[in-house]
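Student: Take this structure first; my questions come after.
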Amino acid sequence: MLSWSSIESGTPADLAAIAEGEGDAGLPHGAEIVAFAEAIGGWDDAALASARARLVGVAGEAFMLDAAAVVANFEMMTRVADGTGARFPADTAAFRTDLDARLDIGGFTSAR
């Protein structure tokens, strides 16, 4: 979704930078967004508070709340898909394989 929406908005995201958790991924406030997303996925409350404050500092509280809502929605969608046994259609397998390799997500518990 991010790759599609960023292209549609005229600001294509660098998915490799996002996967590596470094740089700004070519997005406005990108470094702060990446740091916020990394912190949300971790267990360090102080790092999350710091990343949240940095994002609010550059983009405002409403933007940070929107970013948190996006993360929460993706978490929910993943749990629903895993719980129902949903799988990608076979005709998207080649695209997914390439994208999974670019994002280095094969090590996640839910990788299939």
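Any read-out appearing in this document is the output of simple, stated calculations on the displayed coordinates, not a laboratory observation. Note that this is a predicted model, so its numbers are computed, not measured. Positions of Cβ are generated from backbone atoms using ideal geometry, with glycine treated the same way; all protein chains shown enter the neighbour counts.
Student: May I ask for the percentage of alpha-carbon pairs in the chain that lie more than 25 Å from each other?
Tutor: When every Cα pair of the chain is considered, 26 percent fall beyond 25 Å.
Student: For the chain, what does -39500 (n - 2.57) per DSSP helix run (n ≥ 4), summed and divided by total residues, give at 222 nm, in deg cm²/dmol to the nearest 500?
Tutor: -20500 deg cm²/dmol
Student: Let me ask something else about it. Counting Lys and Arg as +1 and Asp and Glu as -1, each charge on the Cβ, what is the dipole of the chain about the Cα centre in debye, to the nearest 20?
Tutor: Charge dipole, the chain, about its Cα centre: 320 debye, nearest 20.
Student: For Leu15 and Ala68, FRET efficiency with R0 = 35 Å and r from the beta-carbon atoms, rounded to 0.05?
Tutor: With a Förster radius of 35 Å, E is 0.95.
Student: Quick one: which of 5-17, 81-93 comes out on top by average Cβ neighbours within 10 Å, and what's the full order, highest first?
Tutor: The peptides rank, most packed first, as 5-17, 81-93.
Student: Excluding Ile40 itself, calculate the net charge of residues whose Cβ lies under 10 Å from the Cβ of Ile40, where each Lys or Arg counts +1 and each Asp or Glu counts -1.
Tutor: Net local charge, Ile40 excluded: -1.
Student: Normalising by the residue count of the chain, find the relative contact order in percent from Cα pairs under 8 Å and 6+ residues apart.
Tutor: This gives 19 percent for the chain.
Student: When the label point is put 7 Å from the Cα of Ile105 along its Cα-to-beta-carbon vector, which residues of the range 46-81 have a backbone N closer than 18 Å?
Tutor: Zone members listed by number: 68-81.
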